[in-house]
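To start, the structure itself, in structure tokens.
What follows is calculated from the coordinates using simple rules that are stated; it is not laboratory data. Quick caveat, the model's predicted, so the values are computed rather than measured. Here Cβ is always computed from backbone atoms with ideal geometry, including for glycine, and neighbour counts include all displayed protein chains.
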Amino acid sequence: MRVDIREKRYKDKLALKDVHVVFPEGKTTLIIGTSGAGKSTLIKCLIGTTSYDGEVTDYQREHIAYIPQHPALNVRETAQDAIYWSGLFSRLYSKDELNKVVEHYVESMGLQSVKEHEIRRLSGGQQQRVSIAKELIRGKSIIIADEIDTGLDCGVSRDLISKLCNITHTENKTTIIISHNIVNIELYDRVIVLVKSSTKCGRITYSGAPEYIRDFFGVDDYVDILSKVNATDEGGLGEADYFIRKFSDYREKRAGHI
Ligand SMILES: Nc1ncnc2c1ncn2[C@@H]1O[C@H](COP(=O)(O)OP(=O)(O)OP(=O)(O)O)[C@@H](O)[C@H]1O
Ligand SMILES: [Mg+2]
């Protein structure tokens with residue numbers, strides 16, 4: 001999936017400018033950024049729920065699954081039934097195949113021990129996994145999730161992301177996750193950092209492997225990245241403009257999309 005957003009405006013407010021990135025198949029991408037830097041706006045451009053000046057190419061709209069922070073599930077259904085019905089309605093499987101595929105996604109999303117439980121009895125993290133399994137069984141290949149691990153405890157959020165990474169790698173999915181849980185950064189294949197420029201416009205300042213990100217921003221600890229680029233929530237302060245330029249120079253040298 002290739003993204004070329006020249007500009008995204010909300011009326012006269014410039015929300016995003018010059019976002020040119022590729023989301024590769026078989027890889028997980030984490031999007032981090034200060035509040036108001038345009039993370040959710042970028043996702044809206046990807047899923048096509050807002051207009052913008054630019055193009056998103058190399059993908060099929062019907063292959064996208066969007067997972068919201070609070071999934072709409074039928075809470076009286078069991079986890080297994082929810083996944084089963086989603087698979088049945090997809091019409092992708094024969095009757096014999098379907099039970100096996102349901103089992104596969106129950107297992108790969110770590111829902112084995114709770115599959116007979118009604119969804120209302122599941123934890124937030126387990127409900128998220130049901131929601132993801134429902135999309136995967138429908139054959140969706142691009143999984144886009146906005147803050148799905150917000151409010152989950154550290155272990156649960158790590159577990160959720162690890163499972164998504166495994167399935168992304170083994171089934172060649174394209175997974176894009178917005179998260180504030182920077183502690184899991186090393187689990188992802190790629191990281192995109194969005195910040196607010198001094199004019200409060202959302203700009204990209206990093207797109208690449210997590211290994212090089214501390215070096216790029218000159219920090220010892222991942223948690224210091226965002227406070228360094230946008231020292232206050234309002235933007236305008238911090239070193240955002242410096243890193244926007246640094247990234248843009250770096251990208252020019254590497255010629256285009258990275
Ligand atoms: N529907 C809208 N109409 C007008 N302005 C909007 C709209 N949605 C977002 N914005 C503005 O666009 C900018 C980016 O918002 P966005 O929600 O994409 O940020 P975000 O990075 O997801 O922030 P957060 O981490 O707080 O969720 C903000 O300044 C926001 O106020
Ligand atoms: Mg948001």
Proximal charge balance of Ser141 [Cβ under 14 Å; K/R count +1, D/E count -1]: 0
Calculate one ³J(HN,Hα) per residue across segment 78-87 by plugging θ = phi - 60° into the Karplus curve 6.51 cos²θ - 1.76 cosθ + 1.60, and present them in order as whole Hz with x for glycine and proline. 7, 4, 5, 5, 4, 5, 4, 5, 5, x
Which ³J(HN,Hα) values in Hz, rounded to whole numbers, follow from the phi angles of segment 188-205 under the Karplus curve 6.51 cos²θ - 1.76 cosθ + 1.60, where θ = phi - 60° and Gly and Pro get x? 8, 7, 9, 9, 10, 10, 10, 9, 9, 6, 5, 9, 6, 9, x, 9, 8, 10
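Which of the residue pairs Lys39/Lys163; Lys13/Lys228; Lys44/Lys95; Lys173/Lys246; Lys95/Lys115 have a Cα-Cα distance greater than 26 Å in the structure shown?
Working: Lys39/Lys163 23 Å; Lys13/Lys228 24 Å; Lys44/Lys95 36 Å; Lys173/Lys246 31 Å; Lys95/Lys115 19 Å.
The pairs that break the limit, which is 26 Å between Cα atoms, are Lys44/Lys95; Lys173/Lys246.
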Relative contact order in percent for segment 1-67 (Cα pairs under 8 Å, 6+ apart) equals 40
Take every Cα pair under 8 Å in segment 1-142 that's 6+ residues apart, average their separations, divide by the length, and report that relative contact order as a whole percent. 24
Which value at 222 nm does the chain reach when only helices count, each DSSP H run of 4 or more adding -39,500 (n - 2.57), with the total divided by all residues and rounded to the nearest 500 deg cm²/dmol? -11000 deg cm²/dmol
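Order of 48-55, 184-191, 141-148 by packing, highest average Cβ count within 10 Å first? Please list the in-between numbers first.
Values: 48-55: 13.5, 184-191: 19.1, 141-148: 22.8.
Peptide ranking by packing, descending: 141-148, 184-191, 48-55.
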DSSP beta bridge pairing in segment 83-214, given as percent antiparallel to the nearest 5: 55
What list of ³J(HN,Hα) couplings, whole Hz, do you get for segment 41-56 from phi and the Karplus terms 6.51, -1.76, 1.60, once you set θ to phi - 60° and write x for glycine and proline? 4, 4, 4, 4, 5, 5, 8, x, 9, 9, 8, 7, 9, x, 9, 10
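Using the Cα centre as the reference, give the magnitude of the dipole from point charges on the C-beta atoms of segment 143-258 (Lys, Arg: +1; Asp, Glu: -1; all else neutral), rounded to the nearest 20 debye. Please list the in-between numbers first.
Details: 14 positive and 19 negative charges, 108 e Å.
So the dipole magnitude of segment 143-258 works out to roughly 520 debye.
Just subtract the alpha-carbon distance of Val223 and Lys13 from 0.36 nm times their residue separation and send over the number in nm, one decimal. Don't jump to the answer; show the numbers that get you there.
Values: separation 210, 0.36 × 210 = 75.60 nm, distance 2.88 nm.
The span from Val223 to Lys13 would gain 72.7 nm if fully extended.
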When the chain is fully extended, how far beyond the present Cα-Cα distance does Asn74 get from Ser162, taking 0.36 nm per residue of separation? 29.1 nm
Partner aspartates and glutamates whose C-alpha sits under 19 Å from that of Lys200, ignoring same-chain residues fewer than 8 away, are Glu7, Asp12, Asp18, Asp53, Asp233, Glu234, Glu239, Asp241
Quick one: compute the contact order of the chain, relative version, from alpha carbon pairs under 8 angstrom and 6+ residues apart, as a percent. 25
